[in-house]
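Derivation of every value follows stated rules applied to the coordinates shown; laboratory data play no part. None of the values given here were measured: they were computed from a predicted structure. Neighbour counts run over all protein chains shown; Cβ positions are idealised from the backbone, glycine included.
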Ligand code: FES
Ligand code: FES
């Protein structure tokens, strides 16, 4: 098995990592960097539990090879924390009761953050569309959607100050 040295910025830190040719980004995050917030639900691109931001776009990290990430900027759920403060979308989804077993939550948070970055005031339909790749077996989605709407309102208040 060939190994490759890659450099990538992960949650704001430049990392240099040796990765085998067949290692996925998900495996690299969890096994090489101990960033276990990103979950492995299906390893087949179906559930969205492994969603991370790759150069600002949400991707299923189980479907991306680590070697493809040379020079990339990656944000995982751990990277949503800023100065020990939860991202507003984390606060809002917790407050709305959108977390039950929590397995889908890291992927839901990343997809929601990506949505709010490109559209600060999404409609319910736009939220549902953004989360279509994030399967949740527990919540029924309503509370998650409430949480994203609440996060959008918090963002609007913060920006209006
Ligand atoms: S673990 Fe990647 S989509 Fe399910
Ligand atoms: S909270 Fe359990 S899968 Fe979503």
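Of the peptides 118-125, 88-95, how do they stack up when ordered by the mean number of other Cβ atoms within 10 Å, highest first?
Result, highest mean Cβ count within 10 Å first: 88-95, 118-125.
If each residue of separation counts as 0.36 nm, what is the full-extension length gain between residue 42 and residue 2 once their alpha-carbon separation is subtracted?
11.8 nm
Percent of Cα-Cα pairs per 5 Å bin, from 0 to the last occupied bin, for region 91-161, please list those.
Distribution as computed: 3, 19, 32, 26, 13, 5, 2, 0 percent.
Sort 41-50, 142-151 by the packing proxy (mean of other Cβ within 10 Å over each peptide's residues), most packed first.
142-151, 41-50
If one computes P(r) from the Cα atoms of the chain, what percent of pairs lie at distances over 27 Å?
Here the long-distance tail beyond 27 Å is 23 percent of all Cα pairs in the chain.
Per-residue ellipticity at 222 nm for the chain, helices alone: DSSP H runs ≥ 4 residues times -39500 (n - 2.57), over residue total, nearest 500 deg cm²/dmol?
When only DSSP H runs of four or more count, the value is -9500 deg cm²/dmol.
How many angstrom lie between the Cα centre of region 85-152 and the Cα centre of region 1-78?
21
At 0.36 nm per residue, minus the direct Cα-Cα distance, what do residue 21 and residue 138 gain on full extension? Give it in nm, one decimal, please.
Between residue 21 and residue 138, full extension yields an extra 38.5 nm.
Over the Cα atoms of region 37-111, what Rg and Dmax result, in angstrom?
Cα radius of gyration and Dmax of region 37-111 are 12.6, 38 Å respectively.
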